[in-house]
Each structure stands twice: as C-alpha cells, then as structure tokens.
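For reference, the structure is listed below as structure tokens.
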Amino acid sequence: MKLSTALDVDMVAHESADEVTVLLELTAPAAPETNRSPAALQIVLDRSGSMDGAPLEGAKKALAGVVAQLNPADVFGVVTFDDTAQVVVPAAPLSDKTRAVQAIRSIESGGCTDLSSGYLRGLQDLRRAAAAAGIRGGTVLVISDGHVNRGLTDIDRFAAVTAKAASDGITTSTLGYGRGYDETLLSAMARSGNGNHVFADDPDAAGAAIAGEVEGLLSKSVQAATLIVRCVPEVTSLALYNDLPVNQVGNGEVMIELGDFYAEEQRKLLLRMKVDGLAALGLAQIATLELRYAETATLIEHTMT
C-alpha cells in the first residue's frame with residue numbers, strides 16, 4: 001500500500017487563516033499472481049411483488065453468472081425477502097454450482113418489502129459459513145427495487161447495523177434497481193458498510209452492476225483499511241471532505257473507515273485542520289497519520305505511519 005500526503009501551502013503567512021488542508025493519496029498493491037484466497041459473498045435479493053417479471057428474471061440471470069465466476073472454495077449464499085426472509089442457497093463453499101443455479105432459477109416474486117429481515121438473515125448466514133470456512137469477513141450485496149414497508153425502516157438504525165458488520169470485516173454493498181427505489185436508505189447502508197452503492201435502470205444494467213461488484217470482490221488486494229488521525233492539542237477541529245464513516249476513538253484522535261481496496265485502486269482523501277495560532281507555531285508537527293490494513297492474499301496486517 002502506498003500513502004503520500006501534500007499540504008495546500010509550503011509556508012503560512014502571519015495574516016492567513018489558521019487552517020491547513022492535507023491531500024492524501026492512497027494506492028493499493030497489485031493482485032498477487034498466485035491463486036487468490038477464498039472469498040465470501042452473500043446475496044440479499046428483493047423478491048417483493050414490484051420485482052415481478054423482467055427485474056427479477058434479470059437479477060436471477062446475473063446471479064447465475066456470478067456463480068460461474070466463483071471458485072468451489074468460495075463461500076456463496078442467497079437470501080430473498082418480501083414480507084419475510086427465505087434462505088434460497090444456504091451460505092457454504094460452492095461445491096455444487098449446478099444446484100445453486102437451480103435454486104436461484106426457482107425464485108418467484110412475493111409480497112411486501114421487509115429489507116431488514118433479509119439483510120439480518122443474510123448477515124447471520126454469511127458469518128456462520130465464513131467462520132466455518134476460515135474466511136475473515138466477506139461481502140453482502142443487497143439488491144432491491146422498492147421502498148421498505150415492513151420491519152425496520154429507520155435509516156440511522158440500518159446504518160448502525162451495517163457499520164457494526166463493517167467493524168467485523170463484512171462489507172455491505174447495495175444495488176438500487178429501477179427508478180422507484182429508496183436511494184437514501186440504500187446509499188446510507190453502503191456508506192456505513194464500507195461498500196459501494198450503484199443504480200441500475202433495467203435488467204441489463206443490473207446484471208452488469210452485479211457482475212462488476214463480484215469482479216471487484218475477487219480482485220481485492222487490501223481489506224479492512226482504516227486511517228487514524230492523531231492531532232496535537234493546538235488542532236481545534238478536523239474536517240473530512242470525503243463521505244466516509246468517522247469515529248472519535250480518543251482525545252484528539254479519530255478513525256476513518258476506508259474499507260476494502262481493489263488491486264491497484266487509487267483514492268484521494270482531503271482533510272482540513274483548524275490550528276490555534278498556526279503562524280506562531282513555526283516549524284511544528286500538528287498531526288500523525290496511521291494507515292492500517294490487511295493484505296487479502298495473506299491476511300497479514302500492516303501499519304504505516
């Protein structure tokens with residue numbers, strides 16, 4: 001993992017505002033040439049009545065393609081939901097791909113939309129199967145086309161659940177299907193879950209989005225990346241311009257959840273610090289940046305300061 005930083009200025013004038021802007025550039029390592037470690041993927045699919053017809057058939061076709069991409073050692077499961085959750089493919093290593101595809105093809109549309117029941121059941125199944133297979137963490141992909149009208153509906157509570165999963169190494173990504181879906185809810189779930197949120201307007205676009213998410217999962221080279229910023233007492237406030245989960249973990253210390261990185265993925269973060277008496281400090285250190293992550297291939301944890 002490469003980390004570089006740049007300040008907005010080299011010198012600070014006495015009459016300038018007491019703030020410093022820092023640009024961080026992060027680059028993930030290339031994917032290893034050796035065989036990748038097993039991955040864990042849980043699909044949570046909306047099968048409510050509004051998904052009937054082309055939307056559901058398109059999703060089923062895309063999921064059959066996902067099964068083809070995975071290795072037999074990869075953990076894969078499918079949970080559907082309408083009024084309740086149903087386990088269609090119990091999460092487990094993909095030793096029988098034909099059986100998994102047949103189960104996916106048998107999915108039919110149902111009633112209302114209780115996303116919380118589907119998500120929580122899928123999360124539970126993924127945790128069980130990943131632990132049994134010796135896989136750390138995994139990915140939950142939620143596919144939904146509508147507004148939640150059963151079960152948990154509070155956005156903040158949903159975000160808290162996906163944030164807790166992210167702290168355990170489980171990424172939550174979401175796909176909004178069609179123009180009627182609840183973008184606020186699904187994007188909040190993905191943001192707090194360190195995942196991606198994408199929109200698809202038709203079955204072809206949904207299939208491409210699902211395939212893209214799986215390709216990204218299989219090419220991840222870094223997992224569970226976090227950036228800890230430790231500020232000196234003179235720093236009175238810290239702002240992050242990126243839309244990422246941030247937690248205060250100590251006095252003058254915050255932790256930014258970066259999530260997983262695809263091979264050679266590049267990201268930029270922008271921080272702004274307000275510093276009391278900045279011009280009078282002279283040459284001084286105002287913060288320490290500590291990057292922590294695990295290599296996907298070896299699960300070896302690294303720390304850069």
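Here are the numbers:
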item: Residue tally, condition of a type in the set (D, E, K, R), within 14 Å of the chain's Cα centre (by Cα) and farther than 22 Å from Glu57 by Cβ, over the range 173-214; result: 1
item: Members of the range 92-149 that are β-branched (Val, Ile, Thr) and either under 18 Å from the mean Cα position of the chain (by Cα) or buried (at least 20 other Cβ atoms within 10 Å of the Cβ) (or both); result: Ile104, Ile107, Thr113, Ile135, Thr139, Val140, Val142, Ile143, Val148
item: Segments classed as helices (runs of 4 or more DSSP H), wholly inside the range 176-292, with at least 2 members that are at pLDDT below 85; result: 203-218, 278-281
item: Members of the range 286-301 that are surrounded by 13 or more Cβ atoms within 10 Å (Cβ to Cβ) and farther than 21 Å from Gly252 by Cα; result: Tyr293, Ala294, Glu295, Thr296, Ala297, Leu299
item: Residue satisfying all of: in the range 247-285; of a type in the set (A, V, I, L, M) and loosely packed, with under 15 Cβ neighbours inside 10 Å; farthest from the chain's Cα centre (by Cα) among these; result: Ala280
item: Counted residues, the range 150-186 - those being surrounded by fewer than 18 Cβ atoms within 10 Å (Cβ to Cβ) and of a type in the set (S, T, N, Q); result: 3
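The values are calculated or read from the model by the stated rules, or taken from the named source; none is laboratory data. Quantities reported herein were computed from a predicted structural model and do not represent experimental measurements. Neighbour counts are summed over all protein chains in view; Cβ atoms, including those assigned to glycine, are modelled from backbone coordinates with ideal geometry.
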